[in-house]
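> My questions will all concern the structure given below.
Each value in this text was obtained by applying a stated rule to the coordinates, not by laboratory testing. Given the structure is predicted, the values throughout are model-derived calculations rather than measurements.
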């Protein structure tokens, strides 16, 4: 019995050190300690596998989120460049329109000259 307890103590130490693949010796149907150790290591292996799977899934999702944020950032940069181009074009149009309107603007003295020329050419002499 002392030999079996020493063996269980060694198995417990291996499990405590993270070795979940050690073979657990179950000597008989009535070996409740051996069965418990075997069940515990199987449960711990399943738990570690689930954690590993979750980490892998999270890693994949983080990669997808990173790619999506880079795509959004790129799209925002392209939209900013487009808006800058539109703003520049509108500014050019406004400048051209202002220049065109400047030619159409008639000062009061110009109106007087036009009226004088009109009157002089309209009145028979």
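> Picking from 37, 47, 97, which is most flexible by a Gaussian network model of the chain using Cα springs under 10 Å?
Among 37, 47, 97, the largest GNM mean-square fluctuation belongs to 97.
> What is the angle, in °, between the Cα long axis of helix 32-104 and the longest principal axis of the Cα atoms in the chain? Nearest 10 is fine, range 0 to 90.
Taking Cα atoms only, the helix is inclined about 10 degrees.
> Select from 113, 94, 86 the residue whose mean-square fluctuation is largest in a Gaussian network model of the chain (Cα-Cα springs shorter than 10 Å).
The residue with the greatest mean-square fluctuation here is 113.
> With n ≥ 4 as the cut-off for DSSP H runs, can you work out [θ] at 222 nm for the chain, using -39500 (n - 2.57) per run divided by the number of residues, rounded to the nearest 500?
Taken over the chain, the calculation gives -30000 deg cm²/dmol.
> Something else about it: Which one of 114, 15, 55 has the biggest mean-square fluctuation once the chain is modelled by GNM with Cα springs under 10 Å?
114
> Taking only Cα atoms, what is the 0 to 90° angle, nearest 10, from helix 108-122's long axis to the longest principal axis of the chain?
For 108-122 against the chain, the angle is about 40 degrees.
> Quick one: check the C-alpha center-to-center distance for the range 34-69 versus the range 76-97, whole angstrom.
52
> Also, I was wondering about something else. Helix 2-16 against the longest principal axis of the chain: what's the angle in degrees, Cα atoms only, rounded to the nearest 10?
Tilt of helix 2-16: around 10 degrees.
> The list (i) 13.3, 39; (ii) 44.8, 146; (iii) 17.4, 51 gives values of Rg and Dmax of the Cα atoms in Å, and only one came from this structure; which label was calculated from it?
Structure-derived value, by its label: (ii).
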